[in-house]
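Reviewing the structure listed below.
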Amino acid sequence: MDLFWLGIFFVFFCFIIKKYSLVTSIHETKIAFQDPEIPNNFDPLSTQVAQIFTQMEQNADKVGALFVSNATEALLHRTALARIAQKSILLQTYIYQNDSESRLLMFELWRAANRGVCVKILIDDNGLDSDFSDIIALHSHPNIEVKIFNPYRSRNRLLRLLEMALDFWRITHRMHNKLFVVDNFACIVGGRNIADNYFDSDKNVNFVDTDVVFVGALAQKATESFTLYWQYHRSVPATLIPSKASLEHYLKNLRKTIQHKMEKYPKGWEKYHQIMEKFLESYQNGTFKIFWGHAKLIADVPQKIEKGMADSPITRALVSITQHTKHKLDIAAAYFVPGENGLQMNKKLLERGVQIRVLTNSLSSVDSIAVYAKWEKYRKQLLENGVAIYEYPYCGKKKKSGIRGKIKSGSSLHSKVLVFDEKITWIGSFNLDQRSNCLNTEIVAIFDNECFAKNVCKSITEDMEASWKVSLENQQTIWQGYDRFGVFRTYRHAPDTSIFLKILNLCAKILPENQI
């Protein structure tokens with residue numbers, strides 16, 4: 001009888017899997033879908049975006065860089081570049097949430113496609129909030145293609161837990177890259193995903209992040225990296241997602257929704273277009289400060305999710321640059337779990353007289369308690385070695401006066417920025433932890449310009465001044481800084497945390513470090 005019910009369960013399970021699975025296997029996808037190449041049969045220098053920026057710098061060997069730390073401006077740079085795009089837009093992201101700011105960006109991509117711009121969107125399936133999101137509906141547009149990277153076979157979220165257990169190796173390896181490339185000439189590299197809380201529009205918690213808008217030859221390298229992922233056999237077209245209605249139906253609904261909002265909020269749309277016009281004027285007039293220098297893009301290959309790597313080319317580049325650092329290293333890292341190798345590398349730097357400052361999340365601000373639990377393992381030894389450590393508070397930045405002002409939501413650090421000797425800047429999606437090193441695919445840009453680096457250092461310093469300074473007193477960890485009311489305080493336990501959060505942090509210590 002037990003075997004009978006087991007057989008019934010097996011048949012039922014197979015039915016459910018078939019009903020909610022992708023309609024073809026990953027292996028079949030590799031054979032059946034050979035895409036046309038991403039458009040590159042045009043001269044990037046002939047496009048409007050190139051004509052705007054090349055007039056500022058005549059040296060073709062140099063790359064321009066614009067540092068973006070303001071979340072609202074980060075969105076406007078993306079929408080502005082989409083508006084002036086003439087040939088192609090490539091969007092690669094780990095997370096897409098179908099919320100207001102994300103839909104605004106999708107609206108601009110849709111408008112660009114209506115002008116004949118070729119738009120390609122690649123999103124990791126782990127970060128796709130729904131198969132019925134606008135980003136998927138856009139696939140029905142003749143000039144827009146959407147692919148999902150390393151998809152779960154099951155489209156039912158409950159069944160994914162079982163799939164994760166059965167195919168743990170593949171499921172835990174994700175595409176964490178973030179790129180936004182326009183006309184093979186301008187690209188945005190940084191840590192931001194596509195969601196309200198990355199553009200300072202969430203009512204609860206917003207991520208403090210950084211981007212750099214690069215113009216010049218670096219964008220072509222970004223396109224090459226994107227193409228590798230786009231053509232990889234685990235990048236599956238959105239048409240393979242089974243849905244109750246056609247994607248065309250959702251695209252029509254999307255158009256109706258946009259039209260309805262325009263009619264319902266005419267003043268809001270008018271204000272938005274005015275802001276965009278002024279923003280585009282700033283591009284045309286050269287208002288934004290552009291720094292010119294030499295840059296290099298380093299990216300993992302998509303095969304990393306299957307073959308695994310002891311370390312990535314990004315890690316090797318990091319080690320190489322660190323070995324040549326002589327005076328100062330500033331780190332702003334949302335997740336900082338250096339491991340024993342990182343610990344020894346920092347120790348050698350300190351022994352050479354290099355000053356090291358680290359800004360990372362506090363227990364109250366971190367969005368992954370498991371990461372903080374592992375960070376604590378190394379924090380005390382880093383302090384003993386002489387590293388200056390700051391933990392970002394949940395309640396946001398201070399004003400320039402040095403006292404944190406009123407805020408509308410909590411904050412969580414999400415930056416992945418390093419500055420070497422105030423000369424070389426490192427920025428991208430790469431977290432300083434074992435997941436970025438061994439499991440996820442990542443991308444970073446390295447930029448050599450002293451003035452630019454000093455500006456980035458200034459931004460990091462402002463965040464540090466708004467954070468808790470962590471130090472040791474009689475071998476006990478203490479946190480010092482200003483609370484949200486401007487009162488200087490000293491804590492002997494993690495600030496702004498509940499007993500429940502501390503218990504969760506304690507429990508998280510048992511998790512394996514290479515899987516968090």
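Specify the residue that is farthest from residue 299 (Cα to Cα); the eligible residues are those in the range 93-119 that are surrounded by fewer than 24 Cβ atoms within 10 Å (Cβ to Cβ), in contact with a helix residue (DSSP H, G or I) (Cβ under 8 Å, 6 or more places away or on another chain) and polar (S, T, N, Q).
100
Being assigned to a loop (DSSP other than H, G, I, E, B) and crowded, with 24+ Cβ neighbours inside 10 Å is the filter here; which residues of the range 415-430 pass it? Spell out the reasoning first.
Kept after step one, since they are assigned to a loop (DSSP other than H, G, I, E, B), are these residues of the range 415-430: 415, 421-423, 429-430.
Residues satisfying the conditions are 415, 429, 430.
Residue check: is residue 489 part of a loop (DSSP other than H, G, I, E, B), open to solvent by 40 Å² or more (accessible area, probe 1.4 Å) and at negative phi?
Spelling it out, it is not the case that residue 489 is part of a loop (DSSP other than H, G, I, E, B), open to solvent by 40 Å² or more (accessible area, probe 1.4 Å) and at negative phi.
For the range 436-470, which residues satisfy the criterion of being in a strand (DSSP E or B), within 22 Å of the chain's Cα centre (by Cα) and hydrophobic (A, V, I, L, M, F, W, C)?
Residues satisfying the conditions are 443, 444, 445, 446, 447.
Among the candidates 59, 41, which residue alone is at pLDDT below 95, over 16 Å from residue 218 (Cβ atoms) and surrounded by fewer than 20 Cβ atoms within 10 Å (Cβ to Cβ)? Working first, answer last.
Numbers: 59 fails: over 16 Å from residue 218 (Cβ atoms).
Just a single option satisfies the conditions, and that option is 41.
For the range 496-506, how many residues meet the condition of being more than 27 Å from the chain's Cα centre (by Cα) and open to solvent by less than 80 Å² (accessible area, probe 1.4 Å)?
2
Given the condition in a helix (DSSP H, G or I) and surrounded by 24 or more Cβ atoms within 10 Å (Cβ to Cβ), answer yes or no: does some residue in the range 171-182 qualify?
No, the range 171-182 contains no residue that is in a helix (DSSP H, G or I) and surrounded by 24 or more Cβ atoms within 10 Å (Cβ to Cβ).
Here are some residues: 196, 202, 131. Which one is open to solvent by 10 Å² or more (accessible area, probe 1.4 Å), more than 30 Å from residue 62 (Cβ to Cβ) and modelled with pLDDT of 95 or more?
Criteria check complete, one pass: 196.
List every residue pair whose Cβ atoms sit under 7 Å apart, with the two residues 6 or more apart in sequence or on different chains, where the first one lies in the range 443-463 and is of a type in the set (Ser, Thr, Tyr) and the second, anywhere, is surrounded by 19 or more Cβ atoms within 10 Å (Cβ to Cβ).
459/69
Do you know which residues across the range 233-250 are at pLDDT 90 or above and surrounded by fewer than 20 Cβ atoms within 10 Å (Cβ to Cβ)? Spell out how you get there, then give the answer.
Quick first cut of the range 233-250, residues at pLDDT 90 or above only: 233-238.
Selection gives 233, 237.
From 358, 337, 301, grab the single residue that is buried (at least 18 other Cβ atoms within 10 Å of the Cβ), in contact (Cβ under 8 Å) with a residue 40 or more places away in the chain and under 24 Å from the mean Cα position of the chain (by Cα).
After ruling out the rest, the residue left standing is 337.
The values are calculated or read from the model by the stated rules, or taken from the named source; none is laboratory data. Everything quoted here is computed from the prediction, not taken from an experiment. So basically every Cβ, Gly included, is an ideal-geometry build from the backbone, and we count neighbours across all protein chains shown. Quick note on the areas: whole protein, heavy atoms, side chains included, nothing else; ligands and nucleic acids left out. Shrake-Rupley method; radii C 1.70, N 1.55, O 1.52, S 1.80 Å.
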